[in-house]
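Each remark here refers to the structure printed beneath this line.
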Amino acid sequence: MFKFKKGLFTSQIVILGLLSLAIVFIALPSYFTQKWSWSELPGVPEVAQMRKVPDTQLNFPGWTTVTQKKLSLNNYPWSFQMIEKPGQDPIVIALKAQKYYKDHPEVEWVDLEGVERWKNDGYKTLKFSSETQPNGSVTARWFQAWNDKTYAVVQWYAWPGGGHYAPLQWFLADQKAQLKDKRVPWVAVSITIPMEALGNLKDMESLAKSLSQQVQTTLEKEVFVAQNSA
């Protein structure tokens, strides 16, 4: 009996190893080059709604929208929405939503940093929960940036029930969904919060986390809405 269990365990390890090698040497290169190894992907029913994001003013409870406009970065449409409330300097929420079922996260953070000409002092992580999905969580990247002003910046890829700042995490979630003939829609989120030039990033954490949760909740309720579209 012991020998049987030991052999079964060894077989499981070998299978897991082969699957890992398949992801590293087959799936991941295909993902990053957009040359997928399968002929056709399942559709993304939420895409029809997400295509409206660059032209849509989203509502965030307790905040007033100052402006909302569509801008193109690297030939892809983004929404830049400026919001404010009493006692708080205007904050910019930039969103890039998936508009085609084969689109995947790529160089969103590089595009933004190039446009803003940001310098930063290193990345940290900011974690918060999804308010609409039990056990759902988001891991965002969180840093202080500056050009002629100083900002606290939060960035992540949002999807239904969670999110992460690393494209690889979306890829793994999408691969898992495809096993059930489903897909994971995504929206790149970047929140820019003005702060004092010599301020402490830690002092901005409560505001950043609260607003990030609101953005995630709004996307889950208003944007990740399934429609009959690829």
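The values are calculated or read from the model by the stated rules, or taken from the named source; none is laboratory data. Owing to the predicted nature of the structure, the values given are computational and were not obtained by experimental measurement. When we count neighbours, we look across all protein chains shown, and the Cβ atoms used for this are built from the backbone with ideal geometry, even at glycine. Just so you know, the surface numbers come from the protein's heavy atoms only, side chains and all, with ligands and any DNA or RNA stripped out. Shrake-Rupley method; radii C 1.70, N 1.55, O 1.52, S 1.80 Å.
Yes or no, residue by residue, for (1) of a type in the set (A, V, I, L, M, F, W, C); (2) in contact with a Phe, Trp or Tyr (Cβ under 7 Å, 6 or more places away or on another chain); (3) free of Cβ contacts under 8 Å to residues at least 24 places away in the same chain; (4) surrounded by fewer than 16 Cβ atoms within 10 Å (Cβ to Cβ):
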{"site": "Asp55", "(1), (2), (3), (4)": "no, no, no, yes"}
{"site": "Leu73", "(1), (2), (3), (4)": "yes, no, no, no"}
{"site": "Lys96", "(1), (2), (3), (4)": "no, yes, no, no"}
{"site": "Val138", "(1), (2), (3), (4)": "yes, yes, no, no"}
{"site": "Tyr151", "(1), (2), (3), (4)": "no, no, no, no"}
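Results for (1) over 14 Å from Ile193 (Cβ atoms); (2) surrounded by 13 or more Cβ atoms within 10 Å (Cβ to Cβ); (3) of a type in the set (Ser, Thr, Tyr); (4) touching a strand residue (DSSP E or B) at 6+ places or on another chain (Cβ under 6 Å), shown as yes or no for each residue.
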residue	(1), (2), (3), (4)
Thr65	yes, yes, yes, yes
Gln81	no, yes, no, yes
Lys99	yes, yes, no, no
Glu106	yes, yes, no, no
Arg117	yes, no, no, no
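Gln155: among the polar types (S, T, N, Q), more than 19 Å from Val215 (Cβ to Cβ) and either open to solvent by 30 Å² or more (accessible area, probe 1.4 Å) or modelled with pLDDT of 95 or more (or both), yes or no? Considered against the rule, which asks whether it is among the polar types (S, T, N, Q), more than 19 Å from Val215 (Cβ to Cβ) and either open to solvent by 30 Å² or more (accessible area, probe 1.4 Å) or modelled with pLDDT of 95 or more (or both), Gln155 comes out as no. Of everything listed in (1) of a type outside the set (Gly, Ala, Ser); (2) surrounded by fewer than 20 Cβ atoms within 10 Å (Cβ to Cβ); (3) assigned to a loop (DSSP other than H, G, I, E, B), the single unmet condition for Leu168 is (3).
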